[in-house]
Amino acid sequence: MNIMTVRDLKKQYKTYERGSSFIETLKSLVVRETIIIEALKGISFNVEDGELLGLIGPNGAGKSTTMKILTGVLYPTSGEVNIMGFTPWRQRKAYVSEIGAVFGQKSQLIWDIPPVDSFEMNRAIYAIPRQEFNKRLGLMVEILNVESVIRKPTRQLSLGERMKCEFIMAMLHAPKIVFLDEPTIGLDVVAKDRIRDFIHEMNRNGTTFILTTHDLGDIERLTKRVLVINHGELIFDDGIETLRCVAGSKKVINITTINELLELDGVPGISITSRASLFNAELVLDTSITDLNRFTHLMNESNVISDMTVKDPPIENVVKEMYSRDLHGN
């Protein structure tokens, strides 16, 4: 069952070109050339109830514009959005009581008071019954391990501690869908893992998440389905494993040999990424040109393999290649 339906969503911004010289600046006071910027060019997708969806793309691709429209902050130029029966920008007051949002660079907590007091403020705003509030708060405090944190002034918290409290703040009213914009930005490895575990736990309990991030570790660890936006267009909508297939039939190989690695350049389909020594190298093999069995045979003939690992390309490389292909229209 779909919790969100987006159809042919477009957003245009109007700006004006102004010259750099004094004369051109004076002219622009009377006559200005209008420039239309197409932030979104008609994207469409559905989100199922209980899904954990990743939304990625390079800077300026249209991710933030999409998130702002979906949360009701922006009006689109045209298109339709239906989220739980609401049109976000038309029924904003009723709609926001059903959603949550966590933005890595913006805080909902009040700086000079402890998070627990901010939580109480949200309880009053959303009219959450005391018993439900205590139960939800206790559960989330336990999962995020912040029992000793929530009574300190927010300004004294570390970034990781504050972000955990931001999640609690956003989810106290049990929203059906939560929008996450760079939720782990700047966090250390331990804090990221705790936040990711929390998102997984809440998702298992039925909360739908829409995640936009540049940290592809979040995408790999959390999502099963990914949307890729570039230049305001949806260029990919499928699972993580399908996304990996964009790189074609490439494998990342780390190879160690008994003899010096001298013959790599002679094998078709190889791109050397690094050489740790004369006997060890990391390379990318295009198996559509030279299959793995043939590569192994050639290496044993000339160098004698002592150790070799084969893995899929990192998701970062796959996405970078996708952006590059779309940029050049290939």
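The values are calculated or read from the model by the stated rules, or taken from the named source; none is laboratory data. All figures in this text were calculated on a predicted structure; none of them were measured in a lab. Every residue, glycine as well, gets a Cβ built from its backbone with ideal geometry; the counts of neighbours run over all protein chains shown. Note: accessible area is taken over every heavy atom of the protein model, side chains too, but ligands, DNA and RNA are not part of it. Shrake-Rupley method; radii C 1.70, N 1.55, O 1.52, S 1.80 Å.
Data table
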item: Cβ-Cβ under 8 Å pairs, at least 6 apart or on other chains, segment 17-31 side of a type in the set (Val, Ile, Thr), far side open to solvent by less than 100 Å² (accessible area, probe 1.4 Å); result: Thr25/Gly19
item: Matching residues in segment 250-278 - criterion: being out of contact with any strand residue (DSSP E or B) (no Cβ under 6 Å at 6 or more places or on another chain), in a loop (DSSP other than H, G, I, E, B) and open to solvent by 40 Å² or more (accessible area, probe 1.4 Å); result: Asn259, Glu260, Leu262, Glu263, Pro268, Leu278
item: Top-ranked residue of segment 279-303 - restricted to ones that are aliphatic (A, V, I, L, M) and in contact with a strand residue (DSSP E or B) (Cβ under 6 Å, 6 or more places away or on another chain), ranked as surrounded by the most Cβ atoms within 10 Å (Cβ to Cβ); result: Leu285
item: Considering residues of segment 206-221 that are over 15 Å from Ala61 (Cβ atoms) and either without any contact (Cβ under 8 Å) to a residue 60 or more places away in the chain or open to solvent by 10 Å² or more (accessible area, probe 1.4 Å) (or both) only, the residue farthest from the chain's Cα centre (by Cα); result: Gly206
item: Helices (runs of 4 or more DSSP H) contained in segment 93-205 and holding at least 2 residues under 23 Å from the mean Cα position of the chain (by Cα); result: 130-144, 159-171, 189-204
item: Odd one out for Lys93 among (1) touching a residue at least 12 places away in the same chain (Cβ under 8 Å); (2) open to solvent by 20 Å² or more (accessible area, probe 1.4 Å); (3) within 23 Å of Val178 (Cα to Cα); result: (1)
item: Failed condition for Ile235, given (1) farther than 30 Å from Ile305 by Cα; (2) not assigned by TED's automatic domain parsing to the domain that holds Asp197; result: (2)
item: Search result, residues across segment 141-158 that are surrounded by fewer than 21 Cβ atoms within 10 Å (Cβ to Cβ) and within 26 Å of Asn205 (Cα to Cα); result: Val141, Glu142, Ile143, Asn145, Glu147, Ser148
item: Number of the condition not met by Leu55 [criteria: (1) modelled with pLDDT under 90; (2) among the hydrophobic types (A, V, I, L, M, F, W, C); (3) assigned to a strand (DSSP E or B)]; result: (1)
